[in-house]
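The values are calculated or read from the model by the stated rules, or taken from the named source; none is laboratory data. Note that this is a predicted model, so its numbers are computed, not measured. Cβ placement follows ideal geometry from the backbone for every residue including glycine, while neighbour counts extend to all protein chains displayed.
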Amino acid sequence: MTATPPAAAALARLPFAPIAPGTSRHVRPALFGRYSRYQAGLYLQHAGIVAFGLLTIALTIDLAQWLPRLIADPRAGSGVSVILFVLRYLALRTPDILVRLLPIACFLGVLWCELATIAARHRVALWITGRSPLQCLMPALLLGLVAGCGQYLLETAIRPAVVAIQATERIGEFGNRFDRARTTGHDWMFVGRDAVRARLVRQPSLELRDLLVLRSDAEGRIVEVVSADRAVPLDNGIWRLEAGVSLPMEGTLPRGKSDRHGIFGPNSAATGLPVARIPLDLDLEWLDQRGVTAKYLPQATLEVLARGDGSSYPIGDYRTARETRRAALILPLAMALLAAVLTLVALPNRIRVETALAVAFAGYACHIALRALASLGERGIVAAPVAAWGVPVAAILAALAVLAASARASRHRRPISAGAATPAPSPVDNPAP
C-alpha cells in the first residue's frame, strides 16, 4: 500500500479540500462555506484589534484634555467614585470616536490578516485548492456586512443618544457646546432678505432676546430695522414682540427710544413706530436645534430638517449627515473589499514592504477623502450624495477594476517557453493543482 506523502496529508487536514488530479473542476462561490467563515472570523479579530488600538489612542488624547475638569467636577466625588465618573465619561465618548475609526480599522485589519496569511505560507495552500477570486473575497464581504450594520447602528442611534446624555449632564466637550439650558450669544441668522441678530433661549420655552431684524429690498438695501427686547413664536411664522419698535431708514428716533444697537449713528433721523407682531420665516425645529452639529442629531429630527427646502436655514449639513448615515451600511464593506483585492493582486505569494506600504496608503487616502468630502458637503460646496457616497462607491469600483485588469492580464499572458522560470500564480488565474 502506497504511503500518503506528508504534504498531501497536511492539505487533507485543511478546512477546505484540494481538487484531486484528473477530476473536473466546478468552482462555486460558497458565501457561508467553512473557509469563508473561518477567514471572516480572522478578519474580524484583526479589525477589532486595530479598532481597539486606535480607539485607545484617541481616548487617551481626549482624556488628557478633559481629565483635570472631570476630577474637579463636584459630581465626581472622591476615591473610587472619581474613577467610575471618568470611566463613564470614556464610555460616553467611545461611540463618537469609534464611528470614525471603524472603516479604516476594517481596511487595516484585512491588510494585516492577509500579510500574516502570506507570511505563514497559507496563501500557497489556498491557491493549490483552486479557489476562485470570488470565493477569496467572500470573507471580506462577510466582515463588511457585519461592520456595516454596526456602523449604521452607531451613526443613527447610539452616537446621538450618548451625545444627548453628555449635553444634558454637561459633561465634556458636548456638554459645553450643546447645553440647551445656556443662553447663546448674539448670533446672526439670515432668512431670505432679512438679517436677524438675537440671543437664543431654549428653556423653559423657545424665545429670542435682544432681537434686531434688518429688512432689505430686492437690491440689498436696508429699508427697515425692527428691534425688540423679547420675541416669542406664535403660528404661521408670526412672532410676538415685547417692547418692539420698527425703525424705517428715514425720519427721527421716537422719544424715549435709544439707538442701543448703534445702527444709525449719532446724527441719525429715524422714525420709530411701536410694533407688536412681525413675520419671521425662522424654522422652529431648526432654531431649537441650532448649534448642534447635524451628525449628532436624533434620526427623526435629522430627517425633518433634511427634508426642508433650505430657505430659512443652511441645509447642506443636514442632508450630508442623512446621506452619510445611509452610506454607513456599505462603507466598511467597501474598505474591506478594497483591502482584500489589493492584497490578492499586489501581494499574491510573498510580502514586499514597499507594496504593502502602498496598499496601506491607499486605505489612508480613502479615509482622508471621506473626511474631506464630508466637510465640503456640510458647507454646501459638494452635493450631499457625492459627499457621502463618493468614497465607498469609488472604493468598490476601484476594487472591481483592479480585479478585472488582473484577470485580463492573466488571460493574455504569453505561454511559458521551455526552460523558463515558472512565474508565481496570479490570484485570478485560479490554477488547477
Original post:
For residue 393, are the conditions met, namely being at pLDDT below 95 and more than 14 Å from the chain's Cα centre (by Cα)?
Top reply: no
Subject >> Within the range 53-96, considering residues that are under 22 Å from residue 363 (Cβ atoms) and buried (at least 19 other Cβ atoms within 10 Å of the Cβ), the one farthest from the chain's Cα centre (by Cα) >> reply: 55
**OP:** Please state which of the following conditions residue 313 fails to meet, knowing it meets all the rest: (1) modelled with pLDDT under 95; (2) assigned to a helix (DSSP H, G or I).
**Re:** (2)
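Conditions (1) of a type in the set (D, E, K, R); (2) touching a Leu at 6+ places or on another chain (Cβ under 6 Å); (3) in a loop (DSSP other than H, G, I, E, B); (4) crowded, with 23+ Cβ neighbours inside 10 Å, marked per residue:
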residue: 309; (1), (2), (3), (4): yes, no, yes, no
residue: 317; (1), (2), (3), (4): yes, no, no, no
residue: 320; (1), (2), (3), (4): no, no, no, yes
residue: 329; (1), (2), (3), (4): no, no, yes, no
residue: 336; (1), (2), (3), (4): no, yes, no, yes
residue: 341; (1), (2), (3), (4): no, yes, no, yes
residue: 344; (1), (2), (3), (4): no, no, no, yes
residue: 349; (1), (2), (3), (4): no, no, yes, no
Original post:
Here is a list of conditions, (1) surrounded by 14 or more Cβ atoms within 10 Å (Cβ to Cβ); (2) touching a residue at least 60 places away in the same chain (Cβ under 8 Å), and residue 364 meets all of them except one; can you say which number that is?
Top reply: (1)
**OP:** Under 8 Å between Cβ atoms, at least 6 apart or on separate chains: pull out the pairs that start in the range 399-414 with a residue that is of a type in the set (Ser, Thr, Tyr) and end on any residue that is exposed (fewer than 11 other Cβ atoms within 10 Å of the Cβ) and at pLDDT 90 or above.
**Re:** none
Original post:
Do you know which of the residues in the range 144-193 that are of a type in the set (Asp, Glu) and out of contact with any Leu (no Cβ under 7 Å at 6 or more places or on another chain) is modelled with the lowest pLDDT?
Top reply: 179
**OP:** Any chance you could count how many residues in the range 358-401 are touching a Ser or Thr at 6+ places or on another chain (Cβ under 8 Å) and more than 22 Å from residue 325 (Cβ to Cβ)?
**Re:** 1
**OP:** Using the structure shown, decide if residue 360 is more than 30 Å from residue 240 (Cα to Cα) and not aromatic (Phe, Trp, Tyr).
**Re:** yes
